[in-house]
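The values are calculated or read from the model by the stated rules, or taken from the named source; none is laboratory data. In this text, all values refer to a predicted model and were calculated from it rather than measured experimentally. Cβ: placed from backbone, ideal geometry, glycine included. Neighbour counts: every protein chain shown. These accessible areas exclude ligands, DNA and RNA; they are computed on the full protein's heavy atoms, side chains included. Shrake-Rupley method; radii C 1.70, N 1.55, O 1.52, S 1.80 Å.
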Amino acid sequence: MAQDLVGFSSDYQFWMQKLSLWDQASTLETQQDTCLHLPRFQEFLRQLYEVLKEMDSNTIIERFPTIGQLLAKTCWNPFILAFDESQKILMWCLCCLINKEPQNSEESKLNSWTRGLLSHILSGFRFDTKEVGLFTQGLGYVPADYCPGLLKNMVLSLVSELRENHLNGFNTQRRKKISLPTSAVVCLWLRHLPSLEKATLHLFEKLISSERNFLRRIECFLKDSLLPEAACHPAIFRIVDEMFRYALLETDGAPEVLVAVQGFTRCFVEALEKKNKQLKFTFKTYFPYASPSLVTVLLQRPEDIPQELWHQPLKHISEMLREIVEDQTHGSYGGPFECWFLFIHFGGWADIAAEQLVMSEAEPSEALLWLLAFSCSPHDGSPQRAQTMVEVKAVLSRLKKLLRSPILSAKDLQAAAAESQDRDPRPPLCQQLIRRLLLNFLLWAPGGHVNAREVIALMAPSDEIAHDMTGFLDQTLYRWDHLRMEAPRSRKLARELLAELRMVGTAMQGPGSPRPRDVMRRPFLRGMSAENEP
C-alpha cells in the first residue's frame, strides 16, 4: 500500500505541473497537449478518488496540501470537463473534501469553497462563452446560474421528504414531490428537450385518462404541469403545440385532445397576460404560419366585448378563414387543417356561433353557418361543406317555427332535427353538430325546459352519444362561467341535465347495463317536474 501511495504521489506531482502549464498558456500547442493527455488524466482522477474516499477531509488536507489547487485548476479547464466521465469523477473527488460536521471556521470555509466549485460544474460549463451567452440572452433564457438554486431546492425537498417519511414510518403514499422554481424548470426544458417531451406526454396521459367532461379538473392538471406558464417562451410553446397537433392527427380529432388543446390555450393566454404587461414576443412568434390578422381576432376575449356585438368578430373570423381555405393564393398560411388547428385553439368562438344562430330571430347568417360547418369537419371540400350548411339551415328554420308554437313536444323537437328522407344520410360529424344545436335550443328556448329530459332521452340511444352530450353541457357551463353569462334558468337546466347524464354514465357501467334512454326516463332521474321550474 505504501509503495502504491509513493507511485501515486509521483503521478500527483506530474499532473499538478501539467495543470499549471495548461492553466498558464492557451496556445494551440497547449490545447493539443491537453487533449492528448485527457484519457490518462481521467484515469488519474479515478485513482485519486479511490485514495480520497478512504480518508476524512482533515486527513486529505494533511496528506495532499495542494489538493485544492489541483481540483480548482481541473474545474476551470473546459477540455477536462467535456471529456467522457471526467466531470462526474471530479464531483466525486470534491465531495470527499466536504466535512459533514465542521468543527471550526477553517473547515466551514473549506466546505463553502468546495460547494462553490460544485456549483460551477453544475451551472452549465458548456454555455459560458460570450457568443452563446449573448444568443441565449437574446432569446430570453434564464441565466445559467439557476443551478445552485435548483440544487438547493432539490436538497431541501429531499430533506423534508426524509423527515416526513421518518415521522410517517416511511409511508410512501404520502411522499412530497421535489418542487422547483418555474424559472428553473423552464431553463431545464429549454436545454434538455427530452425532459420537455416527457413532461408533455405525462400531461397527455393525465388529461386523456381523466374524465374529459370535468373541465375544472382538467384546468387544474394543466396549471400544475407548469407547461402553459412555460409556454410563454415561444420555443416551448412551439414544441408543445406541435405535439398537440400530432396527437390530433393520430386520434382523428378525438374530443379528449380537442378539449386539452383548448384548455391549454386558455391557460397559456392567461399566463401570457399575467407575465407580460407589454408583450415580449409578438404573437407571430407563437403562430408563425398563421395569418397575423386572424390570430389577433381570435385572441380577442369574448367577455371583453358586449354580447350584442359578438356577431362582428364572428363574421370577421369566418370571412378570413373562408378566404384562406377556399382561395388557393393564400398557400403560405397552410391548408384547411392548419387553419382549423389554429381555430380550435380558440374553440369558444364556434360555441358562441352556435348559440347566436339558435337565439337570433333573423335569417341564419351565411358566415356563421360556414364557420360551424368548417369547425365540425375541416377536411370537407366546398360541396360537402355547402351541404352541411343547407342541413343546418333547414334544422334552424324548423326550430324557429317551434318557438311560435304554444306547446313544445319532445316528438316535435325530434322531428325538427330529423334527417330528410330524400337526401343522403348525414355524416356523423354533421349529426353531432345538429345534436348540439338542438341542445342549445333546449337551454335557451322559453319552453325548452319543459320537455328537455324527454328530448335528451330520445337523443341518447347509446352511451357514446350520452357521453358527447355530457361533454357539451360541461363545456357550456364552463364557458358561461368565463363569459360571466347571466342566464339563471338556462344554467339551472344545464346543471341538472349534466348531473343526470353523469348519473347515466355511472349506471351504464358493468354487465347488463341499461340503455341511456331507459335510464333517463326513470322517475328518480327526471329531477324537478315542469311546475317546479322557475
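If I compute solvent accessible area with a 1.4 Å probe over the protein chains, what percent of it on the stretch 451-498 is carbon and sulfur? Result for the stretch 451-498: 49 percent of the exposed heavy-atom area is carbon or sulfur.
What percentage of the solvent-accessible surface of the stretch 21-62, computed with a 1.4 Å probe over protein heavy atoms, is contributed by carbon and sulfur atoms?
48 percent
Legend: distances between Cα atoms for K275/K492; K176/K223; K18/K100; pairs beyond 24 Å are K275/K492; K18/K100. Checking every one of the trypsin sites (Lys or Arg not before Pro) in the stretch 413-503 against DSSP loop status and a limit of 12 other Cβ atoms within 10 Å picks out R423, R484.
Please report the carbon-and-sulfur percent of the accessible area for the stretch 194-302; probe 1.4 Å, protein heavy atoms only, DNA, RNA and ligands left out. Intermediate results must be reported in sequence, preceding the final value.
Working: 3050 of 5390 Å².
With neighbouring chains kept in place, the figure for the stretch 194-302 is 57 percent.
Remark: the stretch 75-114 carries 58 Å² of accessible area per residue (probe radius 1.4 Å; ligands, DNA and RNA excluded). Over the stretch 190-239, accessible surface divided per residue gives 49 Å², non-protein components excluded, 1.4 Å probe.
With the largest listed first and rounded to whole Å, the semi-axes of the equivalent ellipsoid of the stretch 1-117 from the Cα gyration tensor are 25, 17, 12.
Rounded, prolate or oblate: pick one for the stretch 209-315, where a ≥ b ≥ c are the square roots of the eigenvalues of its C-alpha gyration tensor, a/c under 1.5 means rounded, and failing that, prolate if a/b is larger than b/c, else oblate.
Cα axes put the stretch 209-315 in the rounded bin.
Of the trypsin sites (Lys or Arg not before Pro) found in the stretch 367-416, those that fall in a DSSP loop while having at most 15 other beta-carbon atoms within 10 Å are R404.
Solvent exposure of the stretch 418-493, expressed per residue, is 42 Å² of accessible area, with all protein chains present and a 1.4 angstrom probe.
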